[in-house]
Amino acid sequence: MSKSGKRRSKPRSGQTQWRLMDLHLHTPGSVDYQDPHISYLDILRQAELRGLDIIAFTDHNTVVGYAAMRKTLEQLSLLEELQRIEPEEQRRLDEYRRLLRKILVLPGFEFTATFGFHILGIFSPDTDVRFLEHLLLTLNVPAEQLAQGSATVGATADVLTAYRVIRDAGGLVIAAHANSGNGVVMRGFDFGGQTRIAYTQDPNLHALEVTDLEKRGRYTTRSFFDGSKPEYPRAMRCIQGSDAHRLVRDPANPKVLGVGDRVTEILLDEVSFEAIKEAFESNDFSLTRPYRGQAKPFDFVHAAREEGESIVQAFHVKMLERGGYFNRILEDICAMANTNGGTIYLGVSANPREEPVGIRNPDEAMQQIQTALSRRFSPEPAVDIDQLNTQGKTIVRITVHPGEDLPYALDDNRFYVRDETETNMAVRDEIVRLVERRLARDEQPPTLEAPASPSPPLLVPKPEPVESQPEAWPEESADSAPAPPSTGVEIVESRERDGTVYHTVHDLRNGNRIKNVTRSSARKLWHYAITQVEDNPPRAEDLDWRGDKAVLDRRQRDKHVWYDLAMRTGDGVRVFYGVTDTGLNDEWMALIEQYENGNHH
């Protein structure tokens, strides 16, 4: 999106190509490298064999490996200039030059932050090695350990400080193997809370490197960080890298990868650090994809259809004025701008088993949307419009950015919000909340810690830098009350007036409390919750409690699953209706897994 906040279409240049990229390679500069006798030339040759266009040397808390390769090149070049180079040395120099013309090699490091979290910092090849060493010193890597290449370097800078320092220095900031050991997602930990939110949503973080990018399903890292979870409103780019500590995969342990064994494709106009950084800072997540070798290429649109409709994703087969199809597209744009942004695909249904229809004249369709944005919206929302191909058909994609100028209205007086898979006209209390969010944002001065894109405020504040925190994780307490789900609705109050029951509905996704909702006026999920409260109120003594939580019911339609849940608090029992898995933290997920495995009455 441009700085002006206006939309812009993004036509693909004929020069763009998919390039293979492995941004996580260790060298003999890392103390735990398993092939200590191989040369840096060997690594480049292996990268060529694997067809890589871009690689990065990311040794543990050091740049000694990259520096050693550069020093070798300088020495050989000097010998050549002095005409004192031996034939074997000339062959090595020529080979280095050939490979470096073919492969872009980026300097970097894998920094170990406080509590052992790993962060990749990757830089332009024009960056001076001494500058990178100074950067590591700034991050509190001890001077005496700068050349050791050890993953253990004692007390260093905290994660958020490392993100900021690396980005301010012009580097790409990537959370290394985020979903596994030493990863900032902290998968498998019993704690996390606000720390996990901050570590994965910080505006200085460019991408998450994950190990399950090829997998599909509701519980993959990519689906968790697609912007659909209310605590994690910033959609994150997910890439993969080999984290190679050896030249080739270990035959005795296939999980120990070699150069190019797990790589990412990136769509570039030119192979340069600047082009890579521009792609990473773009909101277009289709610019990177997992590489599948000679198999069928990764289809970004098909992958989106497999994930289906969500709060941040919608599909429309048609965009005709007649029949109201085009209006429904505009309503989705308005709703996403008012909620958390999202992506709308035109020319395909949400069902991946159905053949794409495509858009017959995509350029004309894009112009039609742009005209409607200018004429029918107040204010005009910020969107990007472009074209993608899927299964031989051209479709139009609309990327809606979270709105800065809330609330957005269609045709002057129609306000919409997005609720799970549906777009609904906003009721009075929701419009008031949108205005309050805008006013709160206007009153808050911008800081370095501000979100990368406007979105609903995080449910909890970001932690202070680790240096000012106690040794224990500040957000965790054995005596703290359990956190409620962050999707679904709760009926917090019901009153009867003149024979009609009026309810106050607490929307868990955005925190809104909507008053005076009746059974006849309620939208779909609210109507379901009100019906349950009026006709079939749960009794605490009848529930199958597991500690202080219980599952009341599970419903499923197609790939969508909803749960009705209960939670005991000091004030009584709270009941949550229509909770989706995006609103479940680790504690709730453990309960759901027990329930679905049949461990319930």
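Return a yes/no flag: does the stretch 156-177 have any residue that is buried (at least 16 other Cβ atoms within 10 Å of the Cβ), of a type outside the set (A, V, I, L, M), closer than 24 Å to Asp261 by Cα and under 16 Å from the mean Cα position of the chain (by Cα).
Keep residues of the stretch 156-177 that are buried (at least 16 other Cβ atoms within 10 Å of the Cβ), which gives 156-167, 169, 171-177.
In the following step, the residues that additionally are of a type outside the set (A, V, I, L, M) were identified as 156, 158, 161, 163-164, 167, 171, 177.
Remaining after also requiring closer than 24 Å to Asp261 by Cα: 177.
Filter once more, so that each one left must be under 16 Å from the mean Cα position of the chain (by Cα): 177.
Looking through the stretch 156-177, at least one residue is buried (at least 16 other Cβ atoms within 10 Å of the Cβ), of a type outside the set (A, V, I, L, M), closer than 24 Å to Asp261 by Cα and under 16 Å from the mean Cα position of the chain (by Cα).
Within the stretch 511-532, which residues are in contact with a Ser or Thr (Cβ under 8 Å, 6 or more places away or on another chain), surrounded by 20 or more Cβ atoms within 10 Å (Cβ to Cβ) and not in a strand (DSSP E or B)?
If the condition is that a residue be in contact with a Ser or Thr (Cβ under 8 Å, 6 or more places away or on another chain), surrounded by 20 or more Cβ atoms within 10 Å (Cβ to Cβ) and not in a strand (DSSP E or B), then Ile530 is the only one that fits.
Under the condition of being within 22 Å of Ile398 (Cα to Cα) and in contact with a Leu (Cβ under 9 Å, 6 or more places away or on another chain), which residue from the stretch 256-277 is surrounded by the fewest Cβ atoms within 10 Å (Cβ to Cβ)?
So the first thing to find is which residues in the stretch 256-277 are within 22 Å of Ile398 (Cα to Cα), and the list is 266-269.
If we keep only those that are in contact with a Leu (Cβ under 9 Å, 6 or more places away or on another chain) as well, we get 266-268.
Values: Ile266: 23, Leu267: 16, Leu268: 21.
Per the stated criteria, the residue is Leu267.
Of the residues in the stretch 196-223, how many are without any contact (Cβ under 8 Å) to a residue 24 or more places away in the chain and surrounded by 20 or more Cβ atoms within 10 Å (Cβ to Cβ)?
Residues that pass the stated criteria total 2.
Taking strands (runs of 3 or more DSSP E) that fall entirely within the stretch 128-246, which contain at least 1 residues that are more than 26 Å from Lys559 (Cβ to Cβ)?
Strands (runs of 3 or more DSSP E) meeting the threshold: 172-175, 207-209.
Could you figure out which of (1) outside any strand (DSSP E or B); (2) modelled with pLDDT of 50 or more isn't true of Thr447?
Looking at each condition in turn, Thr447 falls short on (2).
What about Val501, is it surrounded by 14 or more Cβ atoms within 10 Å (Cβ to Cβ), touching a Ser or Thr at 6+ places or on another chain (Cβ under 8 Å), assigned to a helix (DSSP H, G or I) and in contact (Cβ under 8 Å) with a residue 12 or more places away in the chain? Spell out the reasoning first.
Numbers: surrounded by 14 or more Cβ atoms within 10 Å (Cβ to Cβ): yes; touching a Ser or Thr at 6+ places or on another chain (Cβ under 8 Å): yes; assigned to a helix (DSSP H, G or I): no; in contact (Cβ under 8 Å) with a residue 12 or more places away in the chain: yes.
No, not satisfied.
For the stretch 575-601: of the residues being surrounded by fewer than 17 Cβ atoms within 10 Å (Cβ to Cβ) and not in a helix (DSSP H, G or I), which is modelled with the highest pLDDT?
That would be Asn597.
What number of residues within the stretch 365-388 satisfy the criterion of being of a type outside the set (D, E, K, R), farther than 22 Å from Asn340 by Cα and free of Cβ contacts under 8 Å to residues at least 40 places away in the same chain?
Matching residues across the stretch 365-388 total 2.
For the stretch 278-305, which residues satisfy the criterion of being at pLDDT below 95 and surrounded by fewer than 16 Cβ atoms within 10 Å (Cβ to Cβ)?
Passing the criteria: Arg292, Gly293, Gln294, Ala295, Lys296, Pro297, His302.
Select from the stretch 476-526 the residues that are at pLDDT below 90, out of contact with any strand residue (DSSP E or B) (no Cβ under 6 Å at 6 or more places or on another chain) and among the basic types (Lys, Arg) and list them in ascending order.
Arg509, Lys524
Table: residues versus (1) under 20 Å from Val317 (Cα atoms); (2) within 27 Å of the chain's Cα centre (by Cα).
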site: Glu380; (1), (2): no, yes
site: Asp384; (1), (2): yes, yes
site: Leu406; (1), (2): no, yes
site: Ala409; (1), (2): no, no
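Here are some residues: Asp32, Asp22. Which one is among the charged types (D, E, K, R), at pLDDT 95 or above and either in contact with a His (Cβ under 9 Å, 6 or more places away or on another chain) or not assigned by TED's automatic domain parsing to the domain that holds His245 (or both)? Working first, answer last.
Details: Asp22 fails: either in contact with a His (Cβ under 9 Å, 6 or more places away or on another chain) or not assigned by TED's automatic domain parsing to the domain that holds His245 (or both).
Within the list Asp32, Asp22, the selection yields Asp32.
Taking the stretch 33-47 as the search range and keeping residues that are out of contact with any Phe, Trp or Tyr (no Cβ under 9 Å at 6 or more places or on another chain) and farther than 20 Å from Tyr291 by Cα, which one is surrounded by the fewest Cβ atoms within 10 Å (Cβ to Cβ)?
Only one residue tops the list, namely His37.
So that you can scan it fast, the table gives a plain yes or no per residue for (1) aliphatic (A, V, I, L, M); (2) surrounded by 20 or more Cβ atoms within 10 Å (Cβ to Cβ):
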{"site": "Leu49", "(1), (2)": "yes, no"}
{"site": "Phe57", "(1), (2)": "no, yes"}
{"site": "Leu78", "(1), (2)": "yes, no"}
{"site": "Leu82", "(1), (2)": "yes, no"}
{"site": "Asp94", "(1), (2)": "no, no"}
{"site": "Arg101", "(1), (2)": "no, no"}
{"site": "Glu110", "(1), (2)": "no, yes"}
{"site": "Phe117", "(1), (2)": "no, yes"}
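Across the stretch 98-116, which residue is farthest from Gly51 (Cα to Cα) among those that are touching a strand residue (DSSP E or B) at 6+ places or on another chain (Cβ under 8 Å) and among the hydrophobic types (A, V, I, L, M, F, W, C)?
Ala113
The values are calculated or read from the model by the stated rules, or taken from the named source; none is laboratory data. Keep in mind that this is a model prediction, so the values were computed, not measured. No Cβ is skipped: glycine too gets one built from the backbone with ideal geometry, and neighbour counts run over all protein chains shown.
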